[in-house]
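Here is the structure we will look at.
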Amino acid sequence: MRMEEITDVARLQRINKVLMDRVESDINHHGNSFSLFQTALNLEGQVKRRTAELSSTLTRLEKINQELAAAKEEAEEANQSKTRFLAAASHDLMQPLNAALLSLSLLEDQQRTDEGQRLVEQMHRSLTSIEELLRTLLEISKFDAGAVKTRISEVSLDQMIGSLEESFRPFADLKRLKFRVVSRALTVRTDKTMIRRILQNLISNALRYTISGGVLVGVRERAEGIVIDVYDTGCGIAAGDIESIFEEFHRGNNPDNTEAGLGLGLSIVRRMVDALGYELTVSSRPGKGTRFRLALPQQASRRVSPPEKCMPEVPEGKAPLAGQVVLLIENDPAVARAMTSLMRSWSLKVSTVTGLDETMRLVLDKKVVPDLIIADQHLDNDELGTSAVAAIRAFSKQRIPAIIVSADPCTELEVIVGQMKMEMLPKPVKPAQLRALMSHLLNRSRFDRAS
């Protein structure tokens, strides 16, 4: 169609519109393609940036993980170093104290005057206070270093609390206080040493801070578990002071002006309660009294069945020590001299060696087979008293009675000593306790041989 033939303006406008629409469509198509291209470029850039950021983050995380692993390893090594240090400190600090107390026991036997006896008793009280302070501080350090492990076994609550009643009854009678115990025939799965120490401290404090009235120890069984209450009619504790009584070296006002404790008992109690996963609460009214409540979970307890008939126990009679042969394995010269002098004053025959080599030479060369062995656990050159006892028993083919002495009587050592059928005494050794244990072991040995 030629332009000169187009005379219809409206038709011309329609044709023009169609042509413009086609142009716009082409422009939009190319524009959309360009936009998509730009969007793709932008997305690619973002992906590269995010990938770089992610890679950097992963690198930082890997570095942080490596640093955390190194810090954890360092912390574990530090804890192991603390444990080793505490064991060494226990041994090194208790050794001279052990020698001093043993020598003092000998000195006490030689006193013939009241003044001499008084001075010896005063020295003994001072040394005992130092012992208690050192032992408690080391114990607190071990708890804080995570070096204390619980040893769970079945414990008769009735028997344990009955034993505590017998121990504290004379003290209550001396202060003219009522002392009542209401227990139940229950067995709990717990650490026997820890729960006894907890209750021992609570009862001791109750009696110490009570000048009139009395102390009640009660055991009750509830749906959620067992509660053990220690009530007293003492001076009480102000509400604002209850938390501070668990701090180290905190001492309450002693109403009867008797010798105060070290202020560490409740601090140890708190750590033991936490280690066992129990709950300890305190309620008190100043001037009226205090109640400490120890809550044990339900799964820790069960009722005790009627007791079965047991084999007859070894008769305890007084076993004569005179003439019995004792082998002392001790690497500290001062302790060895003091211990030897003490046992010879009991008319015992004592042979002293410092380590495993000397022990075996004595047994092999001189054919000495002792009636009883007393061995320090930590000897020179990393030798152990338990190993020395095992070697002597293997050579003699006899289960010779043995006492392991240690300034660091940890749970692991208790397990080993129990498995080897030996006894253990903590340092400093108390002479009366040592003599009683020796008599018991020698008496049991004779009973075993006779049967």
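The values are calculated or read from the model by the stated rules, or taken from the named source; none is laboratory data. All figures in this text were calculated on a predicted structure; none of them were measured in a lab. No Cβ is skipped: glycine too gets one built from the backbone with ideal geometry, and neighbour counts run over all protein chains shown.
For segment 134-162, the tally of residues that are surrounded by 14 or more Cβ atoms within 10 Å (Cβ to Cβ) and part of a helix (DSSP H, G or I) stands at 14. Considering only segment 100-133, how many residues are part of a helix (DSSP H, G or I) and either of a type in the set (V, I, T) or under 30 Å from L276 (Cα atoms) (or both)? Qualifying residue count, segment 100-133: 7.
From the list K149, K192, exactly one residue is under 26 Å from T411 (Cα atoms), assigned by TED's automatic domain parsing to the domain that holds L266, among the charged types (D, E, K, R) and modelled with pLDDT under 90. Which is it? Working first, answer last.
Values: K149 fails: assigned by TED's automatic domain parsing to the domain that holds L266.
When all the criteria are applied, what remains is K192.
On the given criteria, is L425 surrounded by fewer than 21 Cβ atoms within 10 Å (Cβ to Cβ), among the hydrophobic types (A, V, I, L, M, F, W, C) and over 25 Å from D448 (Cα atoms)? No, not satisfied. A single member of T352, T411, T340 is touching an Asp or Glu at 6+ places or on another chain (Cβ under 9 Å), β-branched (V, I, T) and surrounded by fewer than 17 Cβ atoms within 10 Å (Cβ to Cβ), and it is T411. Filtering segment 109-123 for residues that are at pLDDT below 80 and under 30 Å from K192 (Cβ atoms) leaves an empty set. Of the strands (runs of 3 or more DSSP E) lying entirely inside segment 257-326, those containing at least 1 residues that are of a type outside the set (D, E) and modelled with pLDDT of 90 or more are 279-285, 289-297. The residue list M360, M339 contains one member that is assigned to a helix (DSSP H, G or I) and under 34 Å from the mean Cα position of the chain (by Cα), which is M339.
Of the residues contained in segment 190-200, none is found to be in a loop (DSSP other than H, G, I, E, B) and either in contact (Cβ under 8 Å) with a residue 60 or more places away in the chain or within 23 Å of the chain's Cα centre (by Cα) (or both). Restricting to segment 205-233, name every residue that is touching a helix residue (DSSP H, G or I) at 6+ places or on another chain (Cβ under 7 Å) and in a loop (DSSP other than H, G, I, E, B). Matches in segment 205-233: E224 only. L36 falls short of the stated requirement of being modelled with pLDDT under 65, touching a Ser or Thr at 6+ places or on another chain (Cβ under 8 Å) and surrounded by 10 or more Cβ atoms within 10 Å (Cβ to Cβ). The residue pairs whose first member lies in segment 275-287 and is within 17 Å of I245 (Cβ to Cβ), whose second member is among the small types (G, A, S) and assigned to a loop (DSSP other than H, G, I, E, B), and whose beta carbons are closer than 7 Å, counting only pairs six or more residues apart or on different chains, are S284/G236; R285/G236; P286/G236; P286/A238; G287/G236. With the structure loaded, tell me whether R184 is surrounded by fewer than 20 Cβ atoms within 10 Å (Cβ to Cβ), assigned by TED's automatic domain parsing to the domain that holds C235, modelled with pLDDT under 90 and under 23 Å from F246 (Cβ atoms) or whether it fails that test. No: the conditions fail for R184. The condition of being at positive phi, surrounded by fewer than 15 Cβ atoms within 10 Å (Cβ to Cβ) and not β-branched (V, I, T) holds for only one of D365, D382, D448, that being D382. Just one of the listed residues (L134, L127, L157, L164) is at pLDDT 85 or above, aliphatic (A, V, I, L, M) and in contact with a helix residue (DSSP H, G or I) (Cβ under 7 Å, 6 or more places away or on another chain), namely L164.
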